[in-house]
Amino acid sequence: MSTGFVSANKQAEILKDQGNLYFKKNRISAAIEAYTEAITLCPKVATYWTNRALCHKKRNDWERVEADCRTALEIDKSSLKARYMLGIALLEKNEFSEAIKQLEKALDLSRGGTSDMVEVIWSEVGKAKYAEWEKVALPQQQKQKALREFCENALREDYKNSLFRLGSNNKAQSCGALYENIEDEMIDINSSDFLEIDKTTFEVSKLKSSFVEKKQTLDDVFDKAAEYYKPTEVPEFLCCKITMDLYRDPVITPSGITYERAILLDHLEKVGKFDPLTRAPLQAHELITNLAIKEAVKAYLAEHAWAYKTY
Amino acid sequence: MSSSSPKGLSRIAANRLHKELKEWQMNPPAGFKHKVSDNLQRWIVEVNGAPNTLYENETYYLQVDFPENYPMEAPQVIFTHNPPLHPHIYSNGHICLDILYDSWSPAMTVSSICISILSMLSSSTEKARPVDNDRYVRNCRNGKSPKETRWWFHDDKV
């Protein structure tokens with residue numbers, strides 16, 4: 001190695017330290033300048049790019065955040081900061097599925113990190129998934145609503161027409177009354193011809209019960225379809241007893257109880273080496289990922305994507 | 001919802017307290033009422049003495065304060081106003097109950113604490129202050145929290 005190269009390295013490190021100092025003092029332009037110089041001297045150091053990206057992030061300059069993070073990742077695929085910031089930048093640009101991909105990679109990289117960091121990344125993943133779902137769900141919900149109204153009208157129209165047809169075959173004067181009472185319990189017909197009325201009443205009640213039945217079926221079908229969009233209670237068996245939230249990274253203890261990994265590790269470190277529910281002695285190395293529950297949560301979220309809102 | 005989380009609570013704490021409050025509202029523990037307020041970090045809970053116990057028809061108030069890193073740390077729970085006369089409740093409202101201190105577990109909730117406190121009241125056979133009440137209360141002046149003073153309790157094992 002030539003001495004010139006070494007001094008460039010050293011100089012770049014000094015510039016980075018200066019940049020960090022400026023950043024701490026909230027002098028973002030000066031920090032960006034320092035990092036840019038460091039990059040010019042040593043373009044193959046990922047930290048210089050992620051530090052500059054952090055400055056751009058502070059200014060909500062998402063295009064530049066994205067560009068710097070992508071470069072950092074070309075240098076170092078395992079840069080957690082680059083993955084995380086790239087995910088956020090893509091989320092800001094409404095590129096949800098790409099954002100989710102990056103944030104999930106960040107999650108993998110953060111395993112074993114502090115619970116606060118894992119928590120922040122998870123909540124960004126949840127935000128991205130909810131936004132992605134909402135983008136599809138809202139128009140779909142509108143379409144269903146419109147179709148439902150259309151079908152209901154068509155059904156009512158069909159009922160009305162059948163009553164009219166019946167009316168014109170019988171006494172014309174009863175038509176008005178039949179039409180008015182289309183969905184009422186009592187059919188009020190003003191006519192003196194009792195025989196005719198009996199026959200008409202029978203026909204009318206037949207039409208009516210057919211209408212009511214079809215309407216009920218229609219309601220059932222659309223209610224069922226609407227469930228996908230309607231937030232309800234998340235089942236307790238898919239929630240950690242400590243976070244009270246859906247499991248993200250569930251682990252099972254020798255007592256057979258499942259907890260959220262990050263919070264349980266926190267507990268073991270800060271509260272004590274015992275199972276929070278059974279109080280049986282517990283060490284971190286005894287925890288096993290609960291893959292079955294993980295799959296169950298995944299399946300639940302696929303059916304109830306609104307639950308990502310608090311994920 | 002999370003945007004309204006109070007400054008003093010971590011994200012995890014605020015999230016969990018929202019859940020606990022929601023669960024409480026749907027399914028409150030028998031004998032307790034949560035006084036509605038905007039303050040997620042301090043709950044005031046009304047306690048009604050259970051029928052056929054020494055505290056029947058009596059009403060008390062608990063003040064529950066949550067630390068920033070709840071539920072990794074127990075909330076501070078004390079009686080306000082006129083604390084019930086009980087061998088494990090000091091006249092300043094401090095409660096000698098192990099789950100509030102060394103035996104806390106993050107799987108416990110406000111609900112489960114309330115149930116413990118009520119069962120402590122219900123099982124009491126005499127209405128009296130702890131034997132060391134005066135000394136303890138004197139030592140607690142200057143607004144000491146029961147969490148700082150727990151080792152002064154006359155009997156830590158309840």
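Values as computed for the structure displayed
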| item | result |
| --- | --- |
| Check on A:Thr278, within 14 Å of chain B (Cβ to nearest Cβ), within 19 Å of the chain's Cα centre (by Cα), modelled with pLDDT of 90 or more and not in a helix (DSSP H, G or I) | no |
| Of the criteria (1) closer than 21 Å to A:Lys129 by Cα; (2) in a strand (DSSP E or B), which one A:Ala296 fails | (2) |
| Matching residues, region A:239-268, being more than 12 Å from chain B (Cβ to nearest Cβ) and assigned to a helix (DSSP H, G or I) | A:Arg261 |
| Filtered residue count, region A:249-276, keeping only those that are surrounded by 15 or more Cβ atoms within 10 Å (Cβ to Cβ) and either among the aliphatic types (A, V, I, L, M) or without any contact (Cβ under 8 Å) to a residue 12 or more places away in the chain (or both) | 11 |
| Residue in region A:277-297 that is surrounded by the most Cβ atoms within 10 Å (Cβ to Cβ), counting only those that are touching a Leu at 6+ places or on another chain (Cβ under 8 Å) and either among the polar types (S, T, N, Q) or closer than 17 Å to A:Glu236 by Cα (or both) | A:Val297 |
| Scope region B:23-52; condition of a type outside the set (Asp, Glu), assigned to a loop (DSSP other than H, G, I, E, B), more than 14 Å from chain A (Cβ to nearest Cβ) and exposed (fewer than 15 other Cβ atoms within 10 Å of the Cβ); matching residues | B:Pro28, B:Ala30, B:Val36, B:Ser37, B:Asn39, B:Pro51, B:Asn52 |
| Scope region B:76-124; condition in a loop (DSSP other than H, G, I, E, B) and within 14 Å of chain A (Cβ to nearest Cβ); matching residues | B:Tyr101, B:Asp102, B:Ser103, B:Trp104, B:Ser105, B:Pro106, B:Ala107, B:Met108, B:Thr109 |
| Whichever residue in region B:53-75 is surrounded by fewer than 19 Cβ atoms within 10 Å (Cβ to Cβ), within 14 Å of the chain's Cα centre (by Cα) and in a loop (DSSP other than H, G, I, E, B) and, among such residues, is farthest from the other protein chains (Cβ to nearest Cβ) | B:Pro67 |
| Filter result for A:Lys199 (basic (Lys, Arg), modelled with pLDDT of 85 or more and not in a loop (DSSP other than H, G, I, E, B)) | no |
| Matching entry among A:Ser192, A:Ser97 (being closer than 24 Å to A:Ala302 by Cβ and either at pLDDT below 85 or not assigned by TED's automatic domain parsing to the domain that holds A:Ala262 (or both)) | A:Ser97 |
| Test: residue in region A:176-189 that is modelled with pLDDT of 80 or more, of a type in the set (A, V, I, L, M, F, W, C), assigned to a helix (DSSP H, G or I) and farther than 30 Å from A:Leu264 by Cβ | no |
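The values are calculated or read from the model by the stated rules, or taken from the named source; none is laboratory data. Bear in mind the structure is a predicted one, so any value in this text is a computation, not a measurement. Backbone-built Cβ (ideal geometry, glycine too); neighbour counts: all protein chains shown.
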